[in-house]
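J.: Sending over a structure as C-alpha coordinates; questions will come in a sec.
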Amino acid sequence: MTDIDALARVLRDRYGKSGVVGLSNTEVEEVRCDQSVAALPREWRRFLSLMGRRAGGLLFEDTDLFYPHILGIKREALDEFPSLRGRVARADDLVVVGTHSEREFYVIGGPHAAGSEVVLYIKGEEAPSYGWPSFTALLQDEVDRVIRAEADLGRSVDEDGKPESRLAKGFARWRQRGQL
(Lines give C-alpha, C1' and ligand atoms only; values in the text may rest on other atoms or scores of the structure.)
Protein backbone atom coordinates (compact mmCIF):
# COMPACT_ATOMS: atom_id res chain seq x y z
CA MET A 1 0.00 0.00 0.00
CA THR A 2 1.35 3.44 -0.92
CA ASP A 3 0.96 6.69 1.01
CA ILE A 4 -1.58 7.73 -1.61
CA ASP A 5 -3.60 4.55 -0.95
CA ALA A 6 -3.53 5.21 2.79
CA LEU A 7 -4.57 8.83 2.31
CA ALA A 8 -7.46 7.77 0.06
CA ARG A 9 -8.60 5.20 2.63
CA VAL A 10 -8.58 7.76 5.47
CA LEU A 11 -10.47 10.28 3.33
CA ARG A 12 -13.05 7.62 2.37
CA ASP A 13 -13.50 6.81 6.08
CA ARG A 14 -14.15 10.50 6.70
CA TYR A 15 -16.12 11.57 3.62
CA GLY A 16 -17.56 8.32 2.25
CA LYS A 17 -16.99 6.65 -1.11
CA SER A 18 -18.92 9.35 -2.97
CA GLY A 19 -16.64 12.02 -1.47
CA VAL A 20 -13.45 10.43 -2.79
CA VAL A 21 -13.66 9.62 -6.48
CA GLY A 22 -10.89 8.50 -8.80
CA LEU A 23 -10.56 8.42 -12.55
CA SER A 24 -11.11 5.52 -14.87
CA ASN A 25 -8.14 4.09 -16.76
CA THR A 26 -9.43 5.85 -19.87
CA GLU A 27 -9.51 9.22 -18.07
CA VAL A 28 -6.01 8.70 -16.65
CA GLU A 29 -4.83 7.93 -20.18
CA GLU A 30 -6.55 11.14 -21.38
CA VAL A 31 -4.53 13.08 -18.78
CA ARG A 32 -1.30 11.37 -19.89
CA CYS A 33 -1.98 12.27 -23.52
CA ASP A 34 -2.89 15.83 -22.56
CA GLN A 35 0.44 16.13 -20.73
CA SER A 36 2.26 14.76 -23.81
CA VAL A 37 4.35 12.35 -21.78
CA ALA A 38 5.22 8.69 -22.23
CA ALA A 39 4.23 7.91 -18.63
CA LEU A 40 2.83 9.83 -15.67
CA PRO A 41 4.83 9.93 -12.44
CA ARG A 42 3.79 6.86 -10.42
CA GLU A 43 2.64 8.79 -7.36
CA TRP A 44 0.51 11.25 -9.34
CA ARG A 45 -0.94 8.46 -11.49
CA ARG A 46 -2.03 6.64 -8.30
CA PHE A 47 -3.58 9.86 -6.98
CA LEU A 48 -5.53 10.29 -10.20
CA SER A 49 -6.82 6.71 -10.11
CA LEU A 50 -7.97 7.00 -6.48
CA MET A 51 -8.88 10.69 -6.03
CA GLY A 52 -8.43 12.44 -9.35
CA ARG A 53 -12.01 13.72 -9.54
CA ARG A 54 -12.68 14.47 -5.86
CA ALA A 55 -10.77 13.99 -2.59
CA GLY A 56 -13.25 14.70 0.19
CA GLY A 57 -12.20 17.68 2.29
CA LEU A 58 -9.00 18.27 0.35
CA LEU A 59 -10.40 21.14 -1.64
CA PHE A 60 -7.21 23.02 -2.48
CA GLU A 61 -9.06 26.35 -2.46
CA ASP A 62 -8.79 28.24 -5.77
CA THR A 63 -6.63 25.42 -7.14
CA ASP A 64 -7.36 23.22 -10.13
CA LEU A 65 -5.89 19.86 -9.15
CA PHE A 66 -8.75 17.63 -10.22
CA TYR A 67 -10.10 16.25 -13.49
CA PRO A 68 -11.33 17.67 -15.85
CA HIS A 69 -9.92 21.07 -14.84
CA ILE A 70 -6.33 19.79 -15.11
CA LEU A 71 -6.68 19.19 -18.83
CA GLY A 72 -4.72 21.83 -20.76
CA ILE A 73 -2.77 23.18 -17.78
CA LYS A 74 0.61 22.04 -19.10
CA ARG A 75 0.12 24.14 -22.24
CA GLU A 76 -0.94 27.09 -20.04
CA ALA A 77 2.15 26.72 -17.84
CA LEU A 78 4.52 26.56 -20.80
CA ASP A 79 2.81 29.62 -22.32
CA GLU A 80 3.08 31.53 -19.02
CA PHE A 81 6.71 30.56 -18.46
CA PRO A 82 8.64 30.83 -21.75
CA SER A 83 11.89 30.40 -19.81
CA LEU A 84 10.60 27.06 -18.50
CA ARG A 85 9.61 25.97 -21.99
CA GLY A 86 13.06 26.92 -23.28
CA ARG A 87 14.79 24.87 -20.55
CA VAL A 88 12.78 21.72 -21.06
CA ALA A 89 14.55 19.59 -23.62
CA ARG A 90 11.68 17.12 -23.97
CA ALA A 91 8.02 17.25 -23.01
CA ASP A 92 8.54 13.90 -21.21
CA ASP A 93 10.61 15.70 -18.59
CA LEU A 94 7.71 17.64 -17.10
CA VAL A 95 4.11 17.27 -15.93
CA VAL A 96 1.96 20.07 -14.57
CA VAL A 97 -0.27 18.63 -11.86
CA GLY A 98 -2.22 21.73 -10.88
CA THR A 99 -2.70 25.46 -11.09
CA HIS A 100 -3.65 27.99 -8.44
CA SER A 101 -5.62 31.05 -9.50
CA GLU A 102 -4.15 30.64 -13.01
CA ARG A 103 -0.97 32.37 -11.75
CA GLU A 104 0.83 29.50 -10.05
CA PHE A 105 1.65 26.08 -11.46
CA TYR A 106 2.60 22.88 -9.61
CA VAL A 107 5.20 21.01 -11.67
CA ILE A 108 6.86 17.60 -11.37
CA GLY A 109 10.07 17.31 -13.37
CA GLY A 110 11.75 19.87 -15.52
CA PRO A 111 14.90 21.90 -14.91
CA HIS A 112 14.35 22.72 -11.22
CA ALA A 113 12.92 19.47 -9.84
CA ALA A 114 14.84 16.50 -8.54
CA GLY A 115 13.09 13.18 -9.18
CA SER A 116 9.48 13.29 -8.06
CA GLU A 117 9.80 16.67 -6.33
CA VAL A 118 6.90 19.11 -6.90
CA VAL A 119 7.88 22.72 -7.49
CA LEU A 120 5.67 25.81 -7.61
CA TYR A 121 6.15 28.37 -10.36
CA ILE A 122 4.57 31.79 -9.82
CA LYS A 123 3.84 34.11 -12.74
CA GLY A 124 6.49 36.82 -12.97
CA GLU A 125 9.20 34.79 -11.22
CA GLU A 126 11.96 33.11 -13.20
CA ALA A 127 12.57 30.12 -10.91
CA PRO A 128 10.21 28.14 -8.68
CA SER A 129 9.41 29.75 -5.35
CA TYR A 130 8.54 26.69 -3.29
CA GLY A 131 8.81 22.94 -3.43
CA TRP A 132 7.70 19.69 -1.84
CA PRO A 133 9.80 16.53 -1.81
CA SER A 134 6.90 14.59 -3.37
CA PHE A 135 3.30 14.84 -4.49
CA THR A 136 2.32 13.11 -1.23
CA ALA A 137 4.04 15.91 0.73
CA LEU A 138 1.95 18.46 -1.18
CA LEU A 139 -1.19 16.52 -0.24
CA GLN A 140 -0.01 16.28 3.38
CA ASP A 141 0.27 20.09 3.51
CA GLU A 142 -3.38 20.30 2.50
CA VAL A 143 -4.37 17.67 5.09
CA ASP A 144 -2.59 19.72 7.75
CA ARG A 145 -4.46 22.85 6.58
CA VAL A 146 -7.80 21.02 6.84
CA ILE A 147 -6.95 19.79 10.34
CA ARG A 148 -5.98 23.32 11.45
CA ALA A 149 -9.21 24.70 9.96
CA GLU A 150 -11.24 22.13 11.89
CA ALA A 151 -9.38 23.08 15.08
CA ASP A 152 -10.11 26.76 14.42
CA LEU A 153 -13.80 25.89 14.19
CA GLY A 154 -13.74 24.71 17.78
CA ARG A 155 -13.02 21.01 17.38
CA SER A 156 -11.49 19.38 20.44
CA VAL A 157 -7.74 19.02 20.85
CA ASP A 158 -5.68 16.30 22.53
CA GLU A 159 -3.29 16.77 25.48
CA ASP A 160 -0.56 18.01 23.11
CA GLY A 161 -2.88 20.65 21.66
CA LYS A 162 -3.28 18.77 18.39
CA PRO A 163 -6.72 18.69 16.74
CA GLU A 164 -8.80 15.64 17.56
CA SER A 165 -10.86 15.43 14.42
CA ARG A 166 -11.90 12.18 12.77
CA LEU A 167 -9.50 13.09 9.98
CA ALA A 168 -6.60 13.59 12.40
CA LYS A 169 -7.46 10.37 14.27
CA GLY A 170 -7.63 8.50 10.96
CA PHE A 171 -4.19 9.73 9.95
CA ALA A 172 -2.79 8.91 13.38
CA ARG A 173 -4.21 5.37 13.16
CA TRP A 174 -2.69 4.81 9.72
CA ARG A 175 0.67 6.25 10.81
CA GLN A 176 0.74 3.93 13.84
CA ARG A 177 0.22 0.97 11.54
CA GLY A 178 3.07 2.20 9.37
CA GLN A 179 0.73 2.67 6.42
CA LEU A 180 0.99 6.42 6.08
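J.: Output the residues belonging to segment 11-31 that are of a type in the set (D, E, K, R) and at pLDDT below 95. Spell out how you get there, then give the answer.
T.: Of the residues in segment 11-31, the ones of a type in the set (D, E, K, R) are 12-14, 17, 27, 29-30.
Matches in segment 11-31: R12, D13, R14, K17.
J.: Related question: Which one is modelled with the lowest pLDDT, of the residues in segment 102-157 that are surrounded by fewer than 14 Cβ atoms within 10 Å (Cβ to Cβ) and touching a Lys or Arg at 6+ places or on another chain (Cβ under 7 Å)?
T.: K123
J.: Taking helices (runs of 4 or more DSSP H) that fall entirely within segment 2-108, which contain at least 2 residues that are of a type in the set (V, I, T) and closer than 16 Å to E142 by Cβ? Show your work before the answer.
T.: Numbers: elements: 3-15, 25-35, 42-51, 73-80, 82-87.
By residue number, 3-15.
J.: Condition (residue is more than 17 Å from S116 (Cβ to Cβ), surrounded by 15 or more Cβ atoms within 10 Å (Cβ to Cβ), among the acidic types (D, E) and more than 13 Å from the chain's Cα centre (by Cα)) applied to segment 49-66: is it met by at least one residue?
T.: no
The values are calculated or read from the model by the stated rules, or taken from the named source; none is laboratory data. Note that the structure is predicted; figures quoted are calculated from it, not measured. Please note: Cβ atoms are built from the backbone with ideal geometry, for glycine as well, and neighbour counts cover all protein chains shown.
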